[in-house]
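Have a look at the structure below, then the notes.
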Amino acid sequence: MKDPLDLLDIPSLLTEEEREIQSTVARFLADRVRPNLPEWYENAHFPRELAPELGKLGVLGMHLEGYGCAGTGAVSYGLACLELEAADSGFRSFVSVQGSLAMYSIHRYGSEEQKQEWLPRMAAGEAIGCFGLTEPDFGSNPAGMRTRAVRDGEDWILNGAKMWITNGAIADIATVWAATEEGVRGFLVPRGTPGFTAHEIKRKLSLRASTTAELSFDDVRLPASAQLPHARGLGAPLSCLNEARFGILFGAVGAARDCLQTALAYGDARIQFDRPISGFQLTQRKLADMAVALNNAALLAVHLGRLKEQDRIRPEQISVGKLNNVREAIAIARECRTILGANGISLEYSPLRHANNLESVLTYEGTSEIHTLVVGQALTGLPAYR
Ligand SMILES: Cc1cc2nc3c(=O)[nH]c(=O)nc-3n(C[C@H](O)[C@H](O)[C@H](O)COP(=O)(O)OP(=O)(O)OC[C@H]3O[C@@H](n4cnc5c(N)ncnc54)[C@H](O)[C@@H]3O)c2cc1C
């Protein structure tokens, strides 16, 4: 079986248009991204120059309406994330941060002027965005943030630091969340604003084909027009994270599918004891268990996508999806690595690269522990994380 998602005929759940979008994205990645991935990963390189091509492909802010965005349904967006992450989580991260965090924050909470200024260029991949919520001392608990914005006449003065910010060092515009006297507020900080610096975080063992930075704000003066006027309180950045998590729960299916496809092909070709290793019962048990988990994850993703399209998805349902699909994907990636034996530790094959990437995916956008507690709270009414 070429595609393990054919086991349950997952494509039959999709419309023709959704399948067409999925295969267009897959073709682009096969042509422009996949051949170069081992090198980019090894050299910790994200090819920024591909951003306009991703823009032309229509995947940047693709689920948003207007301002040059494609305005597709949730499942189409999810399928694009699935294919991006089947190539590499770094590419899906780039698209998620650009569309679901940076663009979404402007689209939902920005003024008309902010939308006109940034969204068309971001959709085209001409301007890159990032989203700064996490700080060195506050990750799972962003409510404790120390980054602060204080009014000075009509202006704001911003001080603080943000950590682990995807696209931070290449971004033209940063959505930055800061505590103010009136609660958490969002600000748009363009690259080059005096006092704003971004430093690339080096020596990552995960998401190497993605760029991650630490942002510093030292008496950064911002005009009143830099504030996102409709963002009030921590609920605003958390709503953006929910958008991005939705892409992740599809993306994880893609990473796992790529690993399983790799293991199936390898198991067929690799001969030990005079027969293909995929003929051994122990290997088949691994393959069958992984195919079941993968197809279940895909069913869950499509189900949640349909709920989102009907505008009735709840945050704890997205937590179920992110928790399950990333957990299953990382287990599948590691198991596939074993089927490849020693070759499994080489960058020539994808499973260990995916497994390493998925370590980040398990942690960012809410750790697996926090999503477990969100589900626990939904079941019991008791918040155990505070
Ligand atoms: C590659 C990468 C890219 C990222 N990109 C971005 C980005 O673009 N923008 C952004 O804002 N952030 C980004 N992040 C940050 C990410 O969202 C945080 O790392 C994440 O929220 C966890 O925070 P932390 O690392 O500080 O871990 P901590 O919050 O310190 O957690 C450490 C451990 O303690 C556990 N823990 C914490 N609190 C509880 C609790 N109440 N109960 C049980 N267990 C708990 C956690 O689950 C985890 O296992 C990125 C991270 C990575 C690795």
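In table form, for the structure just shown:
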{"read-out": "Karplus 3J(HN,Hα) series, Hz, for segment 363-370 with 6.51 cos²θ - 1.76 cosθ + 1.60 (x for Gly, Pro)", "value": "9, 7, 6, x, 5, 4, 5, 5"}
{"read-out": "Those lysines that a straight Cα-Cα span of less than 22 Å connects to K2, excepting residues fewer than 8 apart in one chain", "value": "K286"}
{"read-out": "D219-N141 FRET efficiency (beta carbon distance; Förster radius 25 Å; 0.05 resolution)", "value": "0.45"}
{"read-out": "Relative packing of 282-292, 264-274, 247-257, which averages over residues the other C-beta atoms within 10 Å, highest first", "value": "247-257, 282-292, 264-274"}
{"read-out": "Selected from A224, A179, A209 as most flexible by GNM, with the chain as the system and alpha-carbon contacts under 10 Å", "value": "A224"}
{"read-out": "Alpha-carbon Rg with Dmax, taken over segment 83-187, Å", "value": "14.5, 50"}
{"read-out": "Rounded tilt (10° steps) of 112-123 against the dominant C-alpha axis of the chain", "value": "30 degrees"}
{"read-out": "Fraction in percent of alpha-carbon pairs per bin - 5 Å, segment 194-306", "value": "2, 8, 10, 11, 13, 13, 11, 9, 7, 5, 4, 3, 2, 1, 0"}
{"read-out": "Rg to Rh quotient for segment 11-90, alpha carbon positions, Kirkwood Rh", "value": "0.99"}
{"read-out": "Length-normalised contact order of segment 163-222 in % [C-alpha pairs under 8 Å, at least 6 apart]", "value": "42 percent"}
{"read-out": "Share of alpha-carbon pairs per 10 Å distance bin for segment 1-152, given as whole %", "value": "10, 34, 31, 19, 5, 1, 0"}
{"read-out": "Stretchable slack from R108 to E49, in nm (0.36 nm times residue separation minus alpha-carbon distance)", "value": "18.5 nm"}
{"read-out": "Spread of Cα-to-Cα distances over 5 Å intervals beginning at zero, given as percent, for segment 123-175", "value": "5, 18, 21, 20, 19, 12, 6, 0"}
{"read-out": "In nm, spacing of pseudo-spin labels at T15 and Q284 (7 Å Cα→C-beta vector)", "value": "4.1 nm"}
{"read-out": "Gain upon complete extension [T367, L7; 0.36 nm per residue less C-alpha separation]", "value": "126.6 nm"}
{"read-out": "Sum of -39500 (n - 2.57) over DSSP H runs of 4+, divided by residues of the chain (222 nm, nearest 500)", "value": "-15500 deg cm²/dmol"}
{"read-out": "Computed E for S23/L299 - FRET, C-beta separation, R0 25 angstrom, nearest 0.05", "value": "0.80"}
{"read-out": "Calculated diffusion of segment 166-217, Stokes-Einstein form, Kirkwood radius summed over Cα pairs, 10 °C and 1.306 mPa s, µm²/s", "value": "130 µm²/s"}
{"read-out": "Environment charge at S76 (Cβ cut-off 14 Å; Lys +1, Arg +1, Asp -1, Glu -1)", "value": "-4"}
{"read-out": "Largest to smallest accessible area among W177, W118 [probe 1.4 Å]", "value": "W118, W177"}
{"read-out": "Cα-based helix-to-principal-axis angle, 281-309 vs the chain, degrees rounded to 10", "value": "40 degrees"}
{"read-out": "Packing rank of 26-32, 69-75, where each peptide gets the mean count of other beta carbons within 10 Å, highest leading", "value": "69-75, 26-32"}
{"read-out": "Cut-off 12 Å between beta-carbons: net charge of the residues surrounding K2, Lys and Arg +1, Asp and Glu -1", "value": "-2"}
{"read-out": "Acute angle (nearest 10 degrees) that the helix 315-339 long axis makes with the longest principal axis of the chain, alpha-carbon atoms", "value": "40 degrees"}
{"read-out": "Probe 1.4 Å - accessible area at T197, Å² to nearest ten", "value": "60 Å²"}
{"read-out": "Alpha-carbon centroid distance for the pair segment 257-306 / segment 27-50, whole angstrom", "value": "25 Å"}
{"read-out": "Top positive-direction residue, dipole computed over the chain with Cβ charges, set V95, G139, T338", "value": "T338"}
{"read-out": "Listed residue pairs exceeding 29 Å between alpha carbons, taken from K162/K322; K56/K162; K202/K322; K115/K162; K204/K322", "value": "K56/K162"}
{"read-out": "Relative compactness, segment 48-108, computed as alpha-carbon Rg over 2.2 N^0.38 Å", "value": "1.01"}
{"read-out": "Orphan Cys of the chain, criterion: no other Cys C-beta under 4.7 Å", "value": "C69, C81, C130, C240"}
{"read-out": "Mean projection area, nm², convex hull over Cα of the chain", "value": "18.9 nm²"}
{"read-out": "Summed residue charge, Cβ within 14 Å of N43's Cβ, Lys/Arg positive, Asp/Glu negative", "value": "+2"}
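The values are calculated or read from the model by the stated rules, or taken from the named source; none is laboratory data. Keep in mind that what you see is a predicted model, and the values were worked out from it rather than measured. Quick reminder, even Gly has a Cβ in these numbers, built from the backbone with ideal geometry, and neighbours come from all protein chains shown. Heavy atoms of the whole protein, side chains included, go into the accessibility calculation; ligands, DNA and RNA do not. Shrake-Rupley method; radii C 1.70, N 1.55, O 1.52, S 1.80 Å.
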